[in-house]
Amino acid sequence: MMGAVLLSEFATEIVVPVCAVIGIAFSLVQWLLVSRVKLNPERHASGNSNKNGYSDYLIEEEEGLNDPSVVTKCAEIQSAISEGATSFLFTEYQYVGIFMVAFAILIFLFLGSVEGFSSKSQPCTYDKEKTCKPALATAIFSTISFLLGAITSVLSGFLGMKIATYANARTTLEARKGVGKAFIVAFRSGAVMGFLLAANGLLVLFVAINLFKLYYGDDWEGLFEAITGYGLGGSSMALFGRVGGGIYTKAADVGADLVGKVERNIPEDDPRNPAVIADNVGDNVGDIAGMGSDLFGSYAESSCAALVVASISSFGINHEFTAMLYPLLISSVGILVCLITTLFATDFFEIKAVKEIEPALKKQLIISTVLMTVGIAIVTWVGVPSSFTIYNFGDQKVVKNCDAPNFVRLGKVRTFNSSNSDRQLFLCVGVGLWAGLIIGFVTEYYTSNAYSPVQDVADSCRTGAATNVIFGLALGYKSVIIPIFAIAISIFVSFSFAAMYGIAVAALGMLSTIATGLAIDAYGPISDNAGGIAEMAGMSHHIRERTDALDAAGNTTAAIGKGFAIGSAALVSLALFGAFVSRAAISTVDVLTPKVFIGLIVGAMLPYWFSAMTMKSVGSAALKMVEEVRRQFNTIPGLMEGRAKPDYATCVKISTDASIKEMIPPGALVMLTPLIVGTFFGVETLAGVLAGALVSGVQIAISASNTGGAWDNAKKYIEAGASEHARTLGPKGSDPHKAAVIGDTVGDPLKDTSGPSLNILIKLMAVESLVFAPFFATHGGLLFKIF
């Protein structure tokens, strides 16, 4: 033993599942509170306690609070959106299910063939003197954990979509009583999704580790290698969810905006627009279900990367269970921290005015980060031994307590004597956590219309769409600078302290407040839907103003959420890359060797190829949507006058068909690349591909997300007309406004399809390479073997 830990193994076995159960219980409590808002007019109580400083009676008269037809309309629209989203996800999951089974068989065949499907024990990969479980066991258990990860990912997305479609109309109805009430419903609903996802992800992983341990016993190297399938399952489902959902939502959005706003000059979410239901369904399947699966994937992979590296370090070699589960303990404390943070938004402070919405959401990020810093310090103090070694590319990096710092290298052991190893690991997680906050705030600065970058983009609309596009692209490129420095510093600090394990826990630090991050993120699409429902139900312009204010804040928070997802993806991908290099027994990745360099340059090209596929998919789907919306306006008599109802179902069908068909090629590109490169060109070239994709993918993802977010909020800035400057550009329907709508439409596929999907590309290729590493190391590089 290299140093005892304060938290016993028994206590760890209790703490992790208890925190997960608390998270699930809290999400159910939030859901019950949301369900108190009734969608049937008879039972709607008017005597709700009001903290907004008005008497209930006056508000009821002004906003038609007792008008049963409004409630009925809202309920009808909500059920249409819910049905559309559910039917799309079921269709998507049928296709994804086939892929899931096929890929599970592939994992079994590839990994089983490493030792020719032998069931005999074999020498361990990292310590040849010990015997480990056969490769066949790794194949079976990797396949099981892949399926577990995939099912949990699908479930995360589906539950998120269900709560979002449950809450959207309730948010609209609460907006009649004031912006504070509506904010609380939208935020609580987001919290349901955030806590369910964080707790489910943690609980399933914890149970899987304990069940696998029954078979593996002391062979922790094999156990945690098999667990990596969990991350692969999570991310592969997320890829299809993000791409499919992103194509769906943007085809509808672009079609609705171009014909409705630009050609016909009708408001956003006008019930006369045939694509309006498809647009609102899209918010739920893309921004909610897709994003839920995506962040679950990041969480699963960062946990797996840390566990794999720890299992071949002293934690795993000495069977220190508490230290081994350090990544899960961080996530457990994260759930408790986010629970306290959520109460600040829903119970401790009341929002009374529109201008308080965005600060309240930003406070969530700050409070959760500050509290989590304390949480990490406590977990590190009780859960990590005073000295330990970390596997570092064939070396064991030893961190010890000693008076004088010095550096020795003896044989295969690197000894770093430092004052306190606990503090070093705490800094690794902390630097990731705070880098996440910095990325969040930089993203907010570049995408919120409260600051000059977006206002400059809005101002450029005076001279037409072309200058708007130029300014928007420049903003996106510029917004990459600070996040990349933040990621670079966290990589340097965490690697210096604890090698690849440090990078893995830094990624976990960034994701430790995932429940709050998701609550903030899911709040956006719920508010967007609420505004759409208010417009379609014909509610007064006061209510639309309130939901628009919620939505504008939601747009910025969605951009912050994407920033988090991309930043954590970069760290996760690098940690997985390190684990892959170790597992594939590559001593160095030398850029000067042609094998590696060709991989590097091809890898850097992949994000462009992937973006081209997803953007073109949105474009071709939007083309069909625009033609259909135009056809309905031209052929249905009385549609523009509001006397006839549009055919919503056809537009929903166009989006569904297009997204199912179009999600397959980009998905295949990402899933097949590591398999083809590893099998035919070998592990060195694959290492180059992973590095290239990581380096270029992060930049494109950040710039695409921020450009799209800025264009969207520039349009909203002009529409809201809240400042003197904004009023000179408006009103709706003016030339600058039309230029802003075109910018927003160009940005839609960037911010909601290509950008967010790219972070999955870099993570997924890395985790897939890690899972298949035993096969590539044994049988890979066929072409180089032939020639």
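The values are calculated or read from the model by the stated rules, or taken from the named source; none is laboratory data. If you're wondering where the values come from, they're calculated on a predicted model, not measured in any experiment. Methodologically, a virtual Cβ is constructed for each residue, glycine included, from the backbone with ideal geometry; neighbour enumeration extends over all protein chains shown. Remember, those area values only see protein heavy atoms, side chains included, never the ligands or the DNA or RNA. Shrake-Rupley method; radii C 1.70, N 1.55, O 1.52, S 1.80 Å.
Distances between placed amide hydrogens fall under 5 Å for residue 130 paired with 124, all partners being 5 or more residues away or on another chain. Going by accessible surface with a 1.4 Å probe and the largest first, 92, 76 read 76, 92. In plain terms, the chain from residue 95 to residue 467 could stretch by 129.7 nm, reckoned as 0.36 nm per residue minus the Cα-Cα distance. Applied to region 769-780, the Karplus parametrisation 6.51 cos²θ - 1.76 cosθ + 1.60 on θ = phi - 60° returns per-residue 3J(HN,Hα) values of 4, 5, 4, 8, 3, x, 5, 4, 5, 8, 10, x Hz, with x for Gly and Pro. Accessible area per residue for region 263-348, computed on protein heavy atoms with a 1.4 Å probe, is 17 Å². Here's how it looks for residue 734: its modeled amide H is under 5 Å from none belonging to a residue 5 or more places away or on a different chain.
Computed from the C-beta positions of residue 21 and residue 786, the FRET efficiency with R₀ = 45 Å rounds to 0.25.
For each pair in 181/261; 250/716; 250/763; 38/177, compute the distance between the two Cα atoms and list the pairs where it is over 19 Å. 181/261; 250/763, as the Cα separations exceed 19 Å there. Evaluated with a Cβ-only charge set (Lys, Arg +1; Asp, Glu -1), region 122-221 carries a dipole of roughly 800 debye about its Cα centre, given to the nearest 20. The solvent-accessible area of residue 31, taken with every protein chain present and a 1.4 Å probe, is close to 100 Å². I need the shape label for region 505-633. Rule: rounded when a/c is under 1.5, else prolate if a/b > b/c, else oblate, with a, b, c from the alpha carbon gyration tensor. Taking the square roots of the gyration eigenvalues as a ≥ b ≥ c, region 505-633 is oblate. Averaging Cα coordinates gives a centre for region 250-287 and one for region 722-787; these two points are 22 Å apart. At an R0 of 56 angstrom, the distance between the Cβ atoms of residue 630 and residue 352 translates into a FRET efficiency of 0.80. Take the alpha-carbon centre of region 534-557, take the same for region 635-670, and report the distance between them in whole Å. Here the two parts' Cα centres lie 24 Å apart.
Rolling a 1.4 Å probe over the protein heavy atoms gives region 496-596 an accessible area of 21 Å² per residue.
Evaluated with a Cβ-only charge set (Lys, Arg +1; Asp, Glu -1), region 515-656 carries a dipole of roughly 400 debye about its Cα centre, given to the nearest 20. The H on the amide N of residue 397, modeled in the peptide plane, is under 5 Å from the matching H of 390, 391, 392, 414, each at least 5 residues off or on a different chain.
In region 691-787, taking the dipole from charged Cβ atoms about the Cα centre, the farthest positive-side position among 704, 764, 718 is held by 764.
Here's the list of aspartates and glutamates a cross-link from residue 133 could span, going by alpha-carbon distance under 19 Å and ignoring same-chain residues fewer than 8 apart: 115, 218, 219, 221, 225.
Region 442-470 and region 288-345 have Cα centres separated by 38 Å. Carbon-plus-sulfur accessible fraction, the chain (probe radius 1.4 Å, protein heavy atoms only): 67%.
When the surface is traced with a 1.4 Å probe over the full set of protein chains, residue 631 keeps roughly 110 Å² accessible. Beta bridges from DSSP with both residues in the chain: antiparallel share about 65 percent, rounded to the nearest 5.
Taking every alpha-carbon pair under 8 Å whose residues sit at least 6 apart, the chain reaches a relative contact order of 19 percent. One way to sum up the overall shape of region 194-313 is the equivalent ellipsoid from its Cα gyration tensor, whose semi-axes run 44, 12, 9 Å, largest first. Under 12 Å of direct C-alpha separation, and excluding same-chain neighbours fewer than eight residues apart, residue 73 reaches these aspartates and glutamates: 535. Bridgeable lysines around residue 128 (alpha carbons under 30 Å apart, same-chain partners fewer than 8 residues away excluded): 120, 213, 397, 400, 412, 595, 785. Taking every C-alpha pair closer than 8 Å and separated by at least 6 residues, the mean separation divided by the residue count of region 502-603 gives a relative contact order of 36 percent.
A Förster distance of 41 Å, applied to the separation of the beta-carbon atoms of residue 423 and residue 474, puts the FRET efficiency at 0.45.
Note that region 615-695 presents 42 Å² accessible area per residue, ligands and nucleic acids not counted, probe 1.4 Å.
Ranking 100, 193 from most to least accessible surface, computed with a 1.4 Å probe over the protein chains only, gives 100, 193.
Each residue of region 601-614 is assigned a 3J(HN,Hα), and the resulting list reads 6, 6, x, 5, 7, 3, x, 5, 4, 4, 4, 4, 4, 5 Hz, derived from the Karplus form 6.51 cos²θ - 1.76 cosθ + 1.60 (θ = phi - 60°), x at Gly and Pro.
Spherically averaged projected area of the convex hull of Cα atoms, the chain: 32.8 nm². Here the 3J(HN,Hα) profile of region 101-116, calculated from phi with Karplus coefficients 6.51, -1.76 and 1.60 at θ = phi - 60°, is 5, 4, 6, 4, 5, 4, 4, 4, 5, 5, 6, x, 6, 4, 10, x Hz, Gly and Pro shown as x. Across region 690-787, counting alpha-carbon atoms alone, Rg and Dmax equal 21.9, 71 Å. Relative to the Cα centre, the charge distribution of the chain, modelled as +1 at Lys and Arg Cβ and -1 at Asp and Glu Cβ, gives a dipole magnitude of about 940 debye.
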